[in-house]
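None of the figures in this text is laboratory data; all of them are computed from the coordinates on show. This one's a predicted model, so the numbers in the text were calculated from it and none came from an experiment. Quick reminder, even Gly has a Cβ in these numbers, built from the backbone with ideal geometry, and neighbours come from all protein chains shown.
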């Protein structure tokens, strides 16, 4: 339920898998969200009664799209705690649906870090098929490089639960998405309004041997950042009682005293002598999102902007291909000086190629091989840096794949490494 999710303390701490649901208008997004809340027991009884009465007054079966109307009304009255997130829970885990009211806002939020979808549901009307907004949403998913995408062929009841129609649409969808480098994890038939193949298999789809929507969601992978290789950007160094201590925040993985690491971009092998966490003593390990100090063995020269890693899988380069969102209203000409900031790295740079740029409101291509970028445009670019930086793909280690571009001391754009 929206903003009122109550579980035990343990469940409140349980991480939710963030998903975004996109699709052409009237293809059933609101109905699917209402159905997911109802089928997982996350819709309050009073809300269901309210929706039931509204539907009966209109002479309809229970219209789950009204769920979103009820929740929107609560939002406008300031009742709910969270204005952009809807939670539901299966027997496996919790989920949070990130609201995507507009392409521009969603892209900006993903790039700046205020939201982070790890999977997407692309909903398509089985009767209408691929429409303009379907194409735009697919471009959006492509720009973000989301690896986990489930395509839901909704309203399968309108084509009489036809196996042949489903097979035909599967071929058409694959042909459309493959050139965008979007490869669906699942393509499922369903009817959100009737509940066919959402939480339970349907006899009317006896020919389909794949999972239900909830089963498909439960088979998606979480971004377990704590299990990724260590990334420890050095924020600063201090000399305390004659000891040189490097401080920073662990962005992925874990750090252990005595382990061998790599200091990037120089690729120098170093060893952790100790981990310093005031007021604790004799700390043997530190974990993701912790800010700690460390000492290295020997006389290793290390400073702000360098990255300590558990392996050498990071990208080290002075040229980066990225998707950027331009935030400043003034037009930027290709080649003008900028400052690249990623974690603690700060390096002068220039955009040397603008391969394509899009209008994020419509996701329509504006221009290929452009020479400038304007406010609120999204672009596929190549950035040339004055010296090599250390980055990772955005969808592997978000903080190492997300960056800000500055111009004359002010932030003008944000981007992600794919």
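Summary of values
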item: GNM flexibility winner over the chain from 161, 238, 95 (Cα, springs under 10 Å); result: 238
item: Region 225-309: translational diffusion in µm²/s, Stokes-Einstein, Kirkwood Rh over Cα pairs, 25 °C, 0.890 mPa s; result: 195
item: Hull shadow area, averaged, region 202-246 [alpha-carbon convex hull, nm²]; result: 5.5
item: Calculated on alpha-carbon atoms, Rg and Dmax of region 155-275 in Å; result: 25.6, 78
item: Helical mean residue ellipticity (222 nm; -39500 (n - 2.57) per DSSP H run of 4+; nearest 500) of the chain; result: -6000 deg cm²/dmol
item: Calculated FRET efficiency for the pair residue 132/residue 361, C-beta based, R₀ 22 Å, to 0.05; result: 0.95
item: Highest-fluctuation residue, 299, 312, 15 considered, GNM on the chain with Cα pairs under 10 Å; result: 299
item: Principal-axis tilt of helix 66-76 within the chain, Cα atoms, nearest 10 degrees; result: 50
item: Hull volume in cubic angstrom per residue (convex hull over the Cα atoms of region 315-417); result: 88
item: In degrees, nearest ten, helix 132-144 long axis to first principal axis of the chain (Cα); result: 20
item: Inverse of mean 1/r across different Cα pairs in the chain, Kirkwood, Å; result: 23.7
item: Euclidean distance of C-alpha centroids, region 350-407 and region 297-321, integer Å; result: 23
item: Sites residue 15 and residue 240 - FRET efficiency at Förster radius 30 Å, r taken between beta-carbons, to 0.05; result: 0.30
item: Listed residues 108, 155, 244, most fluctuating in the chain (Gaussian network, C-alpha, under 10 Å); result: 244
item: Region 274-370: mean projected area of Cα convex hull, nm²; result: 10.2
item: Using alpha-carbon coordinates, inclination of helix 103-112 to the longest axis of the chain, degrees; result: 30
